[in-house]
1. Taking amide H positions as placed in the peptide plane 1.01 Å from N, state which residues far from PHE92 in sequence (5 or more) or on other chains have amide H under 5 Å from it.
2. Please compute the modelled spin-label separation between THR98 and ASN84, points set 7 Å along Cα→Cβ, answer in nm with one decimal.
3. With the cut-off at 30 Å, tell me which of the pairs LYS81/LYS188; LYS103/LYS158; LYS89/LYS124; LYS129/LYS188 have Cα atoms farther apart than that.
4. Once the Cα atoms of the chain are picked out, what are the Rg and Dmax in Å?
5. Using 7 Å Cα-to-Cβ label points, what is the ASP71/ASN117 separation (nm, one decimal)?
6. Measuring with a 1.4 Å probe in the full set of protein chains, what accessible area per residue, in whole Å², belongs to region 46-137?
7. Run the helix sum for the chain: -39,500 (n - 2.57) per DSSP H stretch of 4+ residues, divided by residue count, reported at 222 nm to the nearest 500 deg cm²/dmol.
8. Using the crude model of +1 on Lys and Arg Cβ and -1 on Asp and Glu Cβ, and no other charge, please compute the dipole size for the chain relative to its Cα centre, in debye to 20.
Amino acid sequence: FNSEIYYQINDTTISSPFILPYTNIFIFILERNIIKKWIQSKTILLYNRFIDDIIIIINGTYEDCNNIISDLNNIKPSIIKLTNEVGYKLTFLDVLVTWDNYKKQIDTQAYQKPLNNYQYLPWKSYHPKEMKKAFIKAEAMRYVRLNSKKQDYLNLIKLFTIRLMKRGYPEAFIKKCLLSVHYNKRFKYLEYTRKRIQKLSLLFHIVYNHILTKKVLRI
């Protein structure tokens, strides 16, 4: 900077590919003992973290919430400073999580940021139709997973259809893609399945050209 070279002695270099795993390891080592203490006291019922986004479900008071945050912030005050939101409804990543005190259950709903412009792949793009079908199906399945109430899912599918039509997609094409997604299969979609890695005896590259067919391969 200004012809001066500085040697970094704290934190990590910006844009380094190692930052993500390093951050996860670093935070886990710092938080594990404190979280273990609160879990053993049966105050924390759920503690999940995705990088620096954390969701905590507790069986306690607002004071307990403040004490947990205080403990975490006191690990490394010069490095970690958590901001928090406490309540019966909050967003975590792309999910709106709500505690229904009457039914004594957690409801989830897909959360979409107000500034989202929904710039989906345009219909006129020269991407293969299979790719367009795949992202529509994948998004619809994501809506099934995130919405614990069927009506919320149906409302979102209507909006999804309108947004796709604004991007030029024919309504008939959208509906055909959505026919393969069923809300009654929600628990199946929620299951985690580890895909088996198949050994390939031949590697090939498909040359894509909208004029040519898929049979044109370059080995």
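The values are calculated or read from the model by the stated rules, or taken from the named source; none is laboratory data. Keep in mind it's a predicted model, so treat the numbers as computed, not measured. When we count neighbours, we look across all protein chains shown, and the Cβ atoms used for this are built from the backbone with ideal geometry, even at glycine. Just the protein is used for accessible areas: all its heavy atoms, side chains included, with ligands, DNA and RNA removed. Shrake-Rupley method; radii C 1.70, N 1.55, O 1.52, S 1.80 Å.
1. Under 5 Å from the amide H of PHE92 lie the amide H atoms of VAL97, each far enough along the sequence or on another chain.
2. Placing both labels 7 Å beyond Cα along the Cβ direction yields 2.4 nm.
3. LYS81/LYS188; LYS89/LYS124
4. Considering the chain through its Cα atoms, Rg and Dmax are 23.4, 66 Å.
5. Distance between label points: 4.5 nm.
6. Heavy-atom SASA per residue in region 46-137 reads 72 Å².
7. Rounded to the nearest 500, the figure is -12000 deg cm²/dmol.
8. About 1740 debye.
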